[in-house]
1. Among the residues of the range 459-469, is any more than 25 Å from Phe308 (Cβ to Cβ), in the same structural domain as Ser334 (by TED's automatic domain parsing) and over 36 Å from the mean Cα position of the chain (by Cα)?
2. For the range 109-123, give me the residue count where each residue is in a helix (DSSP H, G or I) and within 22 Å of the chain's Cα centre (by Cα).
3. Could you list all residues from the range 456-480 that are modelled with pLDDT under 85 and part of a helix (DSSP H, G or I)?
4. Tell me the residue from Met325, Met306 that is in contact with a helix residue (DSSP H, G or I) (Cβ under 6 Å, 6 or more places away or on another chain), touching a residue at least 40 places away in the same chain (Cβ under 8 Å) and under 28 Å from Glu413 (Cβ atoms), please.
5. Does the range 493-513 contain at least one residue that is among the aromatic types (Phe, Trp, Tyr), outside the structural domain of His324 (by TED's automatic domain parsing), out of contact with any strand residue (DSSP E or B) (no Cβ under 6 Å at 6 or more places or on another chain) and loosely packed, with under 12 Cβ neighbours inside 10 Å?
6. Take the residues of the range 356-373 that are in contact (Cβ under 8 Å) with a residue 60 or more places away in the chain and buried (at least 17 other Cβ atoms within 10 Å of the Cβ): which is farthest from Glu345 (Cα to Cα)?
7. Going through the range 307-332 one residue at a time, which ones are farther than 17 Å from Ile434 by Cα and hydroxyl-bearing (Ser, Thr, Tyr)?
8. Of these, Val391, Val424, which one is of a type in the set (Val, Ile, Thr), in the same structural domain as Arg464 (by TED's automatic domain parsing) and at pLDDT below 80?
Amino acid sequence: MEIYQGDTLPEPRSMLEATAEANNLNAIMACQDAYTEAMNKVDVAQVEVQTVRVVDVVAEECQRLFQNFLDSFKEGDVSEYVERAKELKQLEKSTLVVDFTDIIMADSKLCGLIRDEYYRLNPELRLATKNFVNNHVPDTQNSGREFYVAFGDLPGLHRVRELTAAQIRRLIKIRAQVVRSHPVHPELLLGTFRCMECRVVMCGIEQPFKYTQPSVCFNPQCANRVKFELLTNESKFVDFQKVFPSGEFEDSEVMSYEVMSKRLTSAELDTICKMSQDRRLFSNLCNSLFLTIHGNKEVKKGILLMLFGGVSKFTGEGTHLRGHMNVCLVGDPSTAKSQFLKHVERFSPRAVYTSGKTSSAAGLTAAVVRDEESFEFVIEAGALMLAANGVCCILEFDKMDIRDQVTIHEAMEQQAISITKAGVKATLNARTSILAAANPISGRYDRSKSLRQNIGLSASIMSRFDLFFVLVDECNDIVDYAVARSIVDLHMSVQSSTDVQSYSVGDIRRHSMT
């Protein structure tokens, strides 16, 4: 009922207009009823949903360029990546490692695309890798295996704390250490879902780092946005953690001249050749590595031997001989014990510096903790595991609790850590050298007593050290003058008058690789 105020009333509609409007309304309602009846007779689940595929021209061009690079790149007469592809016949290998420096030399356009838009181009790079492997390794064509690509020798190095929004989607290189490991579990890569209302099946739903359902049903006649069922048998899963084959995995390689010339410049190669011809190389390396420490030549030689290490092997009787040395420095205060440890930490790429007084058994070996996300028990690495194939520097070793010292017995001799806790049973590798520094019990080393009486370590822990060095602060005017003169010359940048060849830390590192 319409109510009008005032003197003006609406003009009455004619009977013809009212009849026409009623006929239009009846016609619309009749069409809706006919459409509903027709849709009820159609099995929507059997209807093929037509989706629109957006073509990424840049990504397809990158795929073509990358596959051409893999096919055409050669070093001399050898096709490098064809040989690497043949190694993927083994079931435990599925990643093709590509040296980024090769891409830089071969195609600057492809190099820029991969570096700036890696996250966007990753699917096309994987597809190009799969096509390349299948073309050159016929045994993998019908296997249904997936192949991946990884890039090495990427120029530039970032710290984790330096990452900003500018690095999003880009290919970068960072240095980090794994401190926690999770058990292997399946990870959803491509999901296949069924709509719970119209029963339409939707395939190939990518899972970007988390479980993701379709935002809306692909059926245009269905408005479902919530009710979806995951079809696990038709979805694609991958192992979340890399599984190595049975046996021992060593992170090392034989450095041939071709590999060295590829990674090093001509000037660096010339320096290595000159170092190999140095007749006093051993003593010059000691002086160059510990340039700020006066004297203690035998200590420097022992630590240098520890850094270069030996070879792990088995004797004819079946006894295992470890290739990593353990060294302990025992001495008076102000004898440069901590400086030796700091120099080793700065030189070794995989060195961990810790204090025995503040370190627990779990902090040195490994701890079993509950993960905050999955609420499962996981293993968190300690100092000895973080320094794998490196050096673990432990200051104030004599201040460690006796129970904590017992926990590293196995790691020092067998180079392994056994854990049985909270339902987790594992044996982890701890192939590392230990450089420890300890103070005498009375503060000063007493020459009238034995080494064990001076430091108070147990016989079992002492037997696991290969070298002991005793540093005594002698009350000698000549020695004190020489040390003071060395410190003053160091701060005044005065070179020593002795004929000593000095090498940089980088030169020593590169020489150690050979």
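The values are calculated or read from the model by the stated rules, or taken from the named source; none is laboratory data. Values in this document were obtained by computation on a predicted structure and should not be read as measured data. Positions of Cβ are backbone-derived with ideal geometry, glycine not excepted, and every protein chain shown enters the neighbour counts.
1. From the range 459-469, those more than 25 Å from Phe308 (Cβ to Cβ) are 459-460; that's our starting set.
Retained after the next criterion (residues that are in the same structural domain as Ser334 (by TED's automatic domain parsing)): 459-460.
Those left that are additionally over 36 Å from the mean Cα position of the chain (by Cα): 459.
Looking through the range 459-469, at least one residue is more than 25 Å from Phe308 (Cβ to Cβ), in the same structural domain as Ser334 (by TED's automatic domain parsing) and over 36 Å from the mean Cα position of the chain (by Cα).
2. Initial filter on the range 109-123 (in a helix (DSSP H, G or I)): 109-116, 118-123.
Next cut, within 22 Å of the chain's Cα centre (by Cα) only: 114-116, 118-123.
Going through the range 109-123 one residue at a time, the tally reaches 9.
3. Asp477, Ile478, Val479, Asp480 - these are the residues of the range 456-480 that are modelled with pLDDT under 85 and part of a helix (DSSP H, G or I).
4. Details: Met306 fails: in contact with a helix residue (DSSP H, G or I) (Cβ under 6 Å, 6 or more places away or on another chain).
On inspection, the qualifying residue turns out to be Met325.
5. Let us first name the residues in the range 493-513 that are among the aromatic types (Phe, Trp, Tyr), namely 503.
Now restrict to residues that are outside the structural domain of His324 (by TED's automatic domain parsing): 503.
Then keep just the ones that are out of contact with any strand residue (DSSP E or B) (no Cβ under 6 Å at 6 or more places or on another chain); that gives 503.
Still in the list and also loosely packed, with under 12 Cβ neighbours inside 10 Å: none.
Checked against the condition, which is being among the aromatic types (Phe, Trp, Tyr), outside the structural domain of His324 (by TED's automatic domain parsing), out of contact with any strand residue (DSSP E or B) (no Cβ under 6 Å at 6 or more places or on another chain) and loosely packed, with under 12 Cβ neighbours inside 10 Å, the range 493-513 yields no hits at all.
6. If we take residues in the range 356-373 being in contact (Cβ under 8 Å) with a residue 60 or more places away in the chain and buried (at least 17 other Cβ atoms within 10 Å of the Cβ), then Ala366 is farthest from Glu345 (Cα to Cα).
7. Those that are farther than 17 Å from Ile434 by Cα and hydroxyl-bearing (Ser, Thr, Tyr): Thr315, Thr319.
8. Working: Val391 fails: at pLDDT below 80.
Of the residues listed, the single one that is of a type in the set (Val, Ile, Thr), in the same structural domain as Arg464 (by TED's automatic domain parsing) and at pLDDT below 80 is Val424.
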